[in-house]
Amino acid sequence: MCAQQAPRKHKHSTDPSGNPKKPDLPGLVIVNYGKNMVVEDATGMLVNCVSRRNIGQIVCGDRVHWQETGENAGVITALLPRDTVLQRDTGNGTQRPLAANIDQLVIEAATEPALDSFLLDKYTVAAELAHAGAVIVINKADLLSAQDRQAIDVLLQEYRAIGYPCLYTSVLKNTGIDEFSAQLAGKTSILVGQSGVGKSSLVKRLLPDLDITTGRLSVASGQGKHTTTATTLYHLPCGGALIDSPGVRDFKLGSVESVRLGGGFREFHPFLGQCRFNDCLHRGEPGCAVTAALEQGRISKRRMQSYRLLLEMCL
Ligand code: GDP
Ligand code: ZN
């Protein structure tokens, strides 16, 4: 991580009444502790910020404007437009942003705990609806028999065919890590997947300076200790960034309006808008272009089944 802490000074002009006018500075929210956040300025320095009221909920990955209020302290004055936002259901029908400006979800899975292809689909739908990409990582490759590997290859082929990169890693045997790093380079990724698949292990492997980074964050935030529950953006040595937090890792796909669900399946995209009915839910309605594509073998039967299961949950 290139961020470092040092006293900072800014030259201030004065406003018409002669008071110093603090400039608005660009920053990136790298940790969110609720009311407090750590903002990284353009030079990589860390500032402990609170947010002005009425500028909306700020989350990790947000680009903001902030003003200095003291040494390494500031106030967020504006939230800049987001490219993407990953949302979570609050349970009472509303959604809450979890992280912003993500390029891709990294969906980690393994055979221990058992590989759940429906869960993979739910994550790819969440990525698609957040306008983000997705990469599928099968960790614990060292545990796979030749037979397991063959079966997983068949499954992954479905995802590869629709443009999701898929790879195998083993943190234990240190295989596939370079290939994985290459997928992360230059992008902002967020790590998701079931508990036990090896997310912490993979994060530690990718971030050899993790302890130093969390130490710096504790100092910057004044929180005493950097709590692992806080959503945090880590800069990766390979370039790019990884957003991680236990709360985000196992997030559930929020409620989706049934007519929007098809948009979560990227292989449906060429056919959406071609169905006879505008509000077609692609479950055998006459003139359904998605069903026709399924019958022509252009859409995987298994993915269609996932779509229909998810649709039942939406209706
Ligand atoms: P998380 O819950 O997804 O963060 O998973 P952890 O990183 O805590 O890993 C869960 C368990 O899987 C731990 O006992 C790890 O040592 C083990 N583990 C992680 N990666 C690998 C791997 O590549 N191969 C094997 N065999 N075990 C692994
Ligand atoms: Zn249709």
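The values are calculated or read from the model by the stated rules, or taken from the named source; none is laboratory data. It should be emphasised that the depicted structure is a prediction, and the values quoted were computed from it without experimental measurement. Virtual Cβ from ideal backbone geometry, glycine too; neighbours counted across all protein chains shown. Keep in mind that these areas ignore ligands, DNA and RNA; they rest on the heavy atoms of the full protein, side chains included. Shrake-Rupley method; radii C 1.70, N 1.55, O 1.52, S 1.80 Å.
Over the alpha-carbon set of the range 253-313, divide Rg by the Kirkwood Rh and report the Rg/Rh ratio to two decimals.
On the way: Rg = 10.6 Å, Rh = 11.5 Å.
For the range 253-313, the value is 0.92.
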Relative contact order (%) - criterion: Cα under 8 Å, at least six apart; region: the chain: 16
Candidate aspartates and glutamates - alpha carbon under 15 Å from LYS204, same-chain residues fewer than 8 apart omitted: GLU108, ASP178, ASP244
Distance in nm between pseudo-label sites at GLU71 and GLU179 (7 Å out along the Cβ direction from Cα): 5.0
Residues of type aspartates and glutamates that LYS22 reaches as a straight line, Cα spacing below 14 Å, ignoring anything fewer than 8 places off in the same chain: GLU68, GLU71
Estimated [θ] at 222 nm from DSSP helical runs (n ≥ 4, -39500 (n - 2.57)) normalised by residues in the chain, nearest 500: -8000 deg cm²/dmol
Distance histogram for the chain (every C-alpha pair counted, 20 angstrom bins, percent rounded to whole numbers): 30, 51, 18, 2
Å³ per residue enclosed by the Cα convex hull of the range 57-211: 148
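Evaluate E = 1/(1 + (r/R0)^6) for ASP24 and PHE277, where r is the Cβ-Cβ distance and R0 equals 45 Å; express this FRET efficiency to the nearest 0.05.
On the way: r = 49 Å, r/R0 = 1.09.
Approximately 0.35, to the nearest 0.05.
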Cβ-Cβ FRET estimate between GLU285 and GLN150, R0 fixed at 41 Å, reported to 0.05: 0.65
Angle in degrees between helix 210-221 and the longest Cα principal axis of the chain, rounded to the nearest 10: 50
Residue-count net charge about LEU79 - beta-carbon cut-off 14 Å; Lys, Arg +1, Asp, Glu -1: +1
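Taking the DSSP beta bridges in the range 85-248 as the whole, what percent of them are antiparallel, to the nearest 5?
DSSP beta bridges in the range 85-248 are roughly 40 percent antiparallel.
On a 1.4 Å probe surface of the protein chains, which of TYR234, TYR33 comes out largest in accessible area, and what is the full order?
Numbers: TYR234 20, TYR33 45 Å².
Listed by decreasing accessible area, they come as TYR33, TYR234.
Ranked from highest to lowest mean number of other Cβ atoms within 10 Å per residue, what is the order of the peptides 79-91, 55-67? Walk me through the numbers on the way to the answer.
Working: 79-91: 15.9, 55-67: 20.2.
Highest-to-lowest ranking by the protection proxy: 55-67, 79-91.
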Shape box of the range 137-216 [Cα atoms, principal axes, largest first, Å]: 44, 26, 22
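Of LYS173/LYS199; LYS140/LYS187; LYS35/LYS187; LYS122/LYS199; LYS140/LYS301, which sit over 21 Å apart, Cα to Cα?
The answer is LYS140/LYS187; LYS35/LYS187; LYS140/LYS301.
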q = 0.12 Å⁻¹, the range 25-79: log10 I(q)/I(0) [Debye, one scatterer per Cα]: -0.19
For peptides 21-30, 140-149, 126-135, sequence by mean Cβ density within 10 Å, most packed first: 126-135, 21-30, 140-149
